[in-house]
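Heads up: the structure comes next, in structure tokens.
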Amino acid sequence: PRGGGPPATRPNGPGEGHAAGVWKSPKPCYHPPMSAPTAPPLRPAPARLHGPMALLGALGLILALGLGAWGYDQQRRAALMELSQRGESTLNLAVAVLRGQLERYRRLPGLIAQQPQLRRILADPRDPDTVQATNAFLQATNRLLQSSDIYVMGLDGTTLAASNFDAPHSFVGGNFAFRPYFQDALTRGEGRFFALGTTSLVRGYYFGAPVRDQDAIAGVVVFKVDLDAIEESWRGSDYEVIVTDPEGIVFMSSHPDWTYAATLPLTAERRARTEATRRYADTDLRALALARHDGPGGMPHWRIDGQDYMVLSQPMPEADWTVHVLTATAGATVQAATRVAVAALLAGLAVLAAVILLQRRARMTERLALQAEAQAELERRVTARTTELASVNRQLEAEVAERRAAETRLRATQDELIQAGKLAALGQMSAALSHEFNQPLGAARNYAENAQLLMDRGRIAEARGNIDRIFDLIERMGAIARHLRNFARKPNARLSDVPLAEAVAAVQELLGWRLAAERVTLQVDLGAAPPVLRAGPVRLQQVLVNILTNAMDAMDAAAQKDTATERRITLTARRDGANAVIRIADTGAGIAPALIPRIFDPFFSTKGPGKGLGLGLSISYNIVHDFGGTLTADNAPEGGAVFVLVVPLAEADHRDAA
Ligand code: ADP
């Protein structure tokens with residue numbers, strides 16, 4: 001007999017369904033439409049002004065070239081001016097030196113002419129003593145005055161005595177009547193001439209003076225002055241200095257090649273005049289290859305041997321010659337070109353710097369404009385986004401308020417449900433208690449009735465045995481009560497080594513009355529050495545009782561339909577590694593396959609009102625798991641349900657088996 005109870009219900013978790021409905025967001029989560037930030041659009045680069053720029057460049061180039069040419073001209077003029085200034089001073093210096101040299105000797109012939117020794121020889125030119133004395137006198141005087149030569153000529157131009165009387169090219173005996181200085185001395189009282197010595201072939205300046213004897217001219221005394229030292233001093237300077245005679249022939253020159261060359265065309269008259277005085281003795285006269293042209297400022301220029309010279313000239317009438325200073329203009333040209341080039345380079349650099357500066361400034365301006373634009377764009381976006389966010393915020397606030405209200409409603413509903421659940425649980429617990437206690441109570445009742453009968457028949461000892469069993473049952477009911485109290489899984493109960501054979505024997509004894517009453521065969525096969533399990537002895541019995549009771553219920557139900565079916569429960573046990581596998585099969589109708597996953601749920605029962613509580617398998621399942629084992633259900637191929645218990649072996653059993 002099994003106690004009835006309230007129909008099993010399978011409520012869900014408190015308020016689960018409702019809550020799901022509430023908590024599910026009524027509309028999809030709001031994502032503000034944030035567009036990915038994009039770079040501000042680039043402004044199109046300003047179109048290049050190729051045409052006007054090229055024109056401007058060409059104009060600039062022309063202007064630069066014009067400026068360069070003008071600058072070059074100016075620079076050259078300035079350099080030439082500078083050169084001419086320096087040439088001027090060189091010219092002045094040369095003229096001064098020449099003038100000084102001539103002045104030194106100009107008056108000496110007149111002075112020497114008054115010496116009595118000269119009158120003596122002119123009076124008696126054939127007397128050897130006088131000639132010798134005069135020669136000695138002239139030599140001593142020449143040495144003293146540092147002139148080139150001094151000599152005395154008779155009125156016919158024959159040299160009577162000379163300072164170089166003992167030299168290889170002695171003038172003594174020579175006739176120089178053709179020389180202008182001799183003629184001038186006789187006619188004008190003073191003679192001057194520059195020429196190449198016909199005897200000595202040495203250039204010199206000749207000063208002649210008449211020698212008077214009692215108011216009559218008796219002869220001429222001549223001084224020859226050497227000019228080579230002065231010419232020598234002109235060499236090696238930056239300038240060429242030349243001295244030309246009235247015919248334009250070069251008499252002295254710092255440039256040796258030019259000496260005796262004609263700077264003016266050598267006409268027949270010029271040649272004739274020169275021949276008459278034999279100024280250049282027997283030297284062949286030639287023309288200097290010279291081209292004249294006017295330089296800047298009308299300054300005369302000569303081009304000689306490919307070199308251009310600026311020419312400064314100064315006549316010296318007292319010497320009857322002209323002094324020229326020739327300055328090469330190549331230096332000035334180079335200097336002007338260099339200055340213009342340097343100026344052009346500097347100007348180019350300045351233009352480049354200006355261009356770079358302007359470009360940089362333009363780029364900076366452009367960049368600043370872009371930055372300002374980007375900044376403005378950013379601000380616009382920030383404003384837009386702020387507005388969006390504000391609206392999102394408002395929406396969220398509304399949603400939160402809605403959810404708060406829903407939560408409040410849910411709380412109220414939950415409270416109600418908890419109240420109802422408590423009542424339901426109370427009823428179910430009462431039902432469970434009656435279910436678990438009915439069987440031992442039924443057994444105890446049988447034993448008590450038996451004990452009464454035995455006592456009536458005076459079989460006290462047997463009656464006592466029955467009463468002992470009643471005590472055992474009471475003990476077991478106490479244990480079950482403890483388990484029911486701990487239904488909410490308290491796996492802390494101690495485990496011990498439980499021989500399966502003992503547990504099965506106890507269960508057989510417990511269910512013996514029902515097995516017999518319903519004519520159910522229980523076949524037990526625990527193997528040659530029944531296993532010892534690691535379990536709780538009472539809880540293990542409880543599990544076995546539950547499974548066996550279910551089997552009997554199933555077969556009872558099946559028998560009501562088909563009386564021919566044999567009622568048999570087979571309980572076998574085998575070791576499998578560290579576990580024992582206990583298989584309990586019945587000959588009932590089996591479990592509907594769709595229900596197999598649910599039969600271990602608490603309060604799941606198919607037994608109808610008043611019969612099943614749906615707690616037995618649930619409790620059993622939890623107990624087996626507390627042992628560290630598993631409990632599964634299935635249908636056997638030959639029919640009927642099969643429950644398989646896998647329970648860890650006791651350590652001793654495990655070790656023995658190993
Ligand atoms: P109850 O016995 O109170 O119904 P259980 O938890 O013991 O609760 O069993 C749950 C359900 O499992 C049963 O109602 C039954 O439908 C099914 N069941 C259990 N054992 C068997 C079996 N041997 N054969 C067929 N169905 C079974």
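The values are calculated or read from the model by the stated rules, or taken from the named source; none is laboratory data. Since this is a predicted model, take the numbers as computed values, not measurements. So basically every Cβ, Gly included, is an ideal-geometry build from the backbone, and we count neighbours across all protein chains shown.
Counting only strands (runs of 3 or more DSSP E) that fall entirely inside the stretch 216-328 and contain at least 1 residues that are closer than 24 Å to VAL202 by Cα and either touching a residue at least 24 places away in the same chain (Cβ under 8 Å) or among the small types (Gly, Ala, Ser) (or both), the qualifying elements are 216-225, 239-244, 250-253, 307-316, 321-328. Within the stretch 603-618, being within 8 Å of the ligand (Cβ to nearest atom) and either modelled with pLDDT under 90 or on the phi > 0 side of the Ramachandran plot (or both) holds for PHE604, SER605, THR606, LYS607, LYS611, GLY612, LEU613, GLY614, LEU615, GLY616, SER618.
Residue-by-condition table, conditions (1) modelled with pLDDT under 95; (2) within 8 Å of the ligand (Cβ to nearest atom):
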position: ASN546; (1), (2): yes, yes
position: ALA564; (1), (2): yes, no
position: PRO597; (1), (2): yes, no
position: TYR621; (1), (2): yes, no
position: THR630; (1), (2): no, no
position: ALA633; (1), (2): no, yes
position: GLY639; (1), (2): yes, no
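Being over 30 Å from TYR239 (Cα atoms) and either hydroxyl-bearing (Ser, Thr, Tyr) or in contact (Cβ under 8 Å) with a residue 24 or more places away in the chain (or both) is the filter here; which residues of the stretch 87-113 pass it? If you could, list the steps in order and put the result at the bottom.
Restricting attention to the stretch 87-113, the residues satisfying the condition of being over 30 Å from TYR239 (Cα atoms) are 107-113.
Result: LEU108, PRO109, GLY110, ILE112, ALA113.
Go over the candidates ALA369, ALA328, ALA291 one by one and state the one that is of a type in the set (A, V, I, L, M), surrounded by fewer than 16 Cβ atoms within 10 Å (Cβ to Cβ) and under 30 Å from ILE249 (Cβ atoms). Steps first, answer last, please.
Details: ALA369 fails: under 30 Å from ILE249 (Cβ atoms); ALA328 fails: surrounded by fewer than 16 Cβ atoms within 10 Å (Cβ to Cβ).
Checking each option against the conditions leaves just ALA291.
Screening PRO530 against (1) of a type outside the set (D, E, K, R); (2) within 16 Å of the ligand (Cβ to nearest atom); (3) in contact (Cβ under 8 Å) with a residue 40 or more places away in the chain leaves a single unmet condition, (2). Do we find a residue being touching a strand residue (DSSP E or B) at 6+ places or on another chain (Cβ under 8 Å), aliphatic (A, V, I, L, M) and away from the ligand (no atom under 14 Å from the Cβ) anywhere in the stretch 568-575? Yes, that holds for at least one residue. Applying the criterion of being free of Cβ contacts under 8 Å to residues at least 12 places away in the same chain and surrounded by fewer than 16 Cβ atoms within 10 Å (Cβ to Cβ) to the residues of the stretch 178-215, the residue that is farthest from the chain's Cα centre (by Cα) is GLN214.
Out of curiosity, is ILE591 surrounded by 20 or more Cβ atoms within 10 Å (Cβ to Cβ), closer than 26 Å to PRO531 by Cβ and over 60 Å from the mean Cα position of the chain (by Cα)? Break it down into steps so the answer makes sense when it comes.
Values: surrounded by 20 or more Cβ atoms within 10 Å (Cβ to Cβ): yes; closer than 26 Å to PRO531 by Cβ: no; over 60 Å from the mean Cα position of the chain (by Cα): yes.
The answer is no for ILE591.
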